1. Which pairs in the list B:Lys275/B:Lys321; B:Lys299/B:Lys321; B:Lys109/B:Lys133; B:Lys8/B:Lys109 are over 29 Å apart, alpha-carbon to alpha-carbon?
2. Among B:146-155, B:167-176, what's the highest-first ranking by average C-beta atoms within 10 angstrom per residue?
3. Let a ≥ b ≥ c be the square roots of the eigenvalues of the Cα gyration tensor of the range B:35-84; is it rounded (a/c under 1.5), or, if not, prolate (a/b larger than b/c) or oblate?
4. Evaluate E = 1/(1 + (r/R0)^6) for A:Ala23 and A:Ala230, where r is the Cβ-Cβ distance and R0 equals 25 Å; express this FRET efficiency to the nearest 0.05.
5. Listing A:Trp60, A:Trp20 from the residue with the fewest other Cβ atoms within 10 Å to the one with the most, what is the order?
6. Taking only Cα atoms, what is the 0 to 90° angle, nearest 10, from helix B:100-110's long axis to the longest principal axis of chain B?
7. Averaged across the residues of A:156-168, what count of C-beta atoms belonging to other chains lies within 10 Å of each residue's C-beta?
8. 222 nm [θ] for chain A, helices only, -39500 (n - 2.57) per DSSP H run of 4+, per residue, to 500?
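Read-outs throughout are calculated quantities, based only on the coordinates presented, and are distinct from any laboratory measurement. Just so it is clear, the model here is predicted, and its values are computed rather than measured. Cβ: placed from backbone, ideal geometry, glycine included. Neighbour counts: every protein chain shown.
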Amino acid sequence: MKLNLPRLLLGLTCLLIAIWLVAPTLIIIPMSFAGKKSLVFPPQGFSLQWYENFFTNPQWFGSLIVSAKVAVMVSVVATVIGTMAAIGIERMRGRAAGIIRAVLITPMIVPGVVLAVGIYAVYLDTRLVGTWTGYVLAHTLLAIPFVVIAVGANLAVFDERLETAAASLGASRLTTFFTITLPLILPGILSGALFAFVTSFDEVIVSLFITSPQLKTLPVQIFSSMTRDADPTVAAVGSLIFLATSLIIGLGLIFGMRGRRV
Amino acid sequence: MTLNTSTKGAAIDIRGVSKFYGSFTALDDISLRVEPGEFMSFLGPSGSGKTTTLNLIAGFTDLSAGEIRLGEQSIGHVPAHKRNIGVVFQHYALFPHMSVAQNVAYPLKQRGIAKAERARAVDRALQKVQLDKFAHRYPSELSGGQQQRVALARAMVFTPSLLLMDEPLGALDKKLREVLQLEIRRIHRELGSTFVYVTHDQEEALVLSDRIAVFNKGRIEQVGSGHQLYTRPETLFVGQFIGESSVLRGVHRAGGTETALTVAGTTLVAPGQAKTDAAHVILLRPESVMVQASGTGLKDGMTNILGGTVREMLYLGAAMKYEVTLADGSHVIARTPTQDEPFAIGSAVELAWNPKDGTLLADDGSTAGHEG
């Protein structure tokens, strides 16, 4: 068989890009099993102590719980507000709708540091630094654009005439929303909620500004741990999050495929 | 709550209804009464106001002026979901996330009807449209014709006294349309509800309706049975929109019970009096025009005679169709029984008809040709 040079080059290029994309993520897995307290690659020795440290050290595990709680609250609040906003924008049309949409999406465009400084200044005055409310408000602000975009994309293909039909069949506007509109834009709402959760869960810039020793999110804990000492617990956390996200996305793909009957 | 299974159609009274969109007048002071149990079609070109009128009756758009009564009740300002009117849409509008049975059960659920009775009513409605075997399918698994049958079942399952249909067969092919037309007629007979059917297809309107309201430019031109509209159109628009016709334009001279109209140098007689000095026309149906050899002259009371040249001759089996060009360049269509020796294209002929078969109408500027 003759060697096909162009194909070989293409394959090689793809392989290199793939390695380039996943290597930084994969490299932390062996590092998390390091024997000694140093974050180096290749790791030396083998132990599970960093996983143990993560689950037993309140500094680490506590911050995971904080992050999870904040992210759940953010995904609920941002999904409700973002969905209502997306529906409002879709129904308004015209120039005003375009402006409102642009305003809602700005947190995505404005550099994180700028936003963080602004939020910090306001929070200092209103004593929101290091509070649950502070985290949820700030992260919701950042998450709303994702919900507006995801739900908006779903609404753009939603047939509004179905709502007219429901009205003719005796359904009030509220009933129509819950029995017709909501089920049909649910995929958009769910992906918006997922985006909101993730946005909050790995938000680091704003969180660094508004954090307090009592209430710290996981990314802040990782960041401060990295700047203080090279604790391989960071690699253990990274591996766990990588595993969790892979599982969630995998399951999402499987159920997403199945849900596409309509 | 239980279902009222015996429906009586309700009358619709539309009184002085207008609809404006900004400075655009979509409907201009319309009045119309649909009798209980009647099958009424709204016929007209797109943009004539027929769908706007339907949307006003259904409550999908707000009235600008006037009143609409359904039976004894004024419904002009009742929200759509409280009007209890069934609507069938051109685009089916089935809920894609519900099965056929769930779609049909939807209006019953809104009315709080118990589960067992709901199931019975759904079954009955699906049987009526011959889809009882498809209850558990989803709309995406059905053909266009089947989907529209489901929509029909869903619109009538709650036995509304009025059923509105907005070009329900517009998206289907001709064969399927004809089958469903017959089904809609049968269902109308069985239900006894009042039906209002919007279409731009004059043949469909003729086949289905007891009466037809012809819409044009936001007004109703004429209301009547298909026969009335065909034989006694009141406006040139109606005459041309319903069926085939030829229009003779000329200079008229009023006199007595008849009007003389000079067309292409020949004086013709039309029944009735021109009411104004404005331009008038004679509208001719193809079957009332006789084609004869030049120089034949008067025969059987066919006292209107016009000379012309055969431009086109079509053999249609039982009949033949001629298109004859007159001296002034206009055309007349004539349909005659099949002749053994038809006139060849290019031959000079005479067109003859009985004056009472022509219709004298004011020239409102409409030109031939419908959309459907």
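1. As for pairs spanning more than 29 Å Cα to Cα, those are B:Lys275/B:Lys321.
2. The packing order, highest mean first, is B:146-155, B:167-176.
3. oblate
4. Values: r = 19 Å, r/R0 = 0.78.
That pair, A:Ala23 with A:Ala230, gives E of 0.80.
5. Values: A:Trp60 22, A:Trp20 9.
Ascending number of Cβ neighbours within 10 Å: A:Trp20, A:Trp60.
6. It is inclined by approximately 70 degrees.
7. Numbers: counts 0, 0, 0, 4, 0, 6, 8, 1, 8, 15, 7, 10, 18.
So the per-residue partner count for this stretch is 6.
8. Value at 222 nm, helices only: -26000 deg cm²/dmol.
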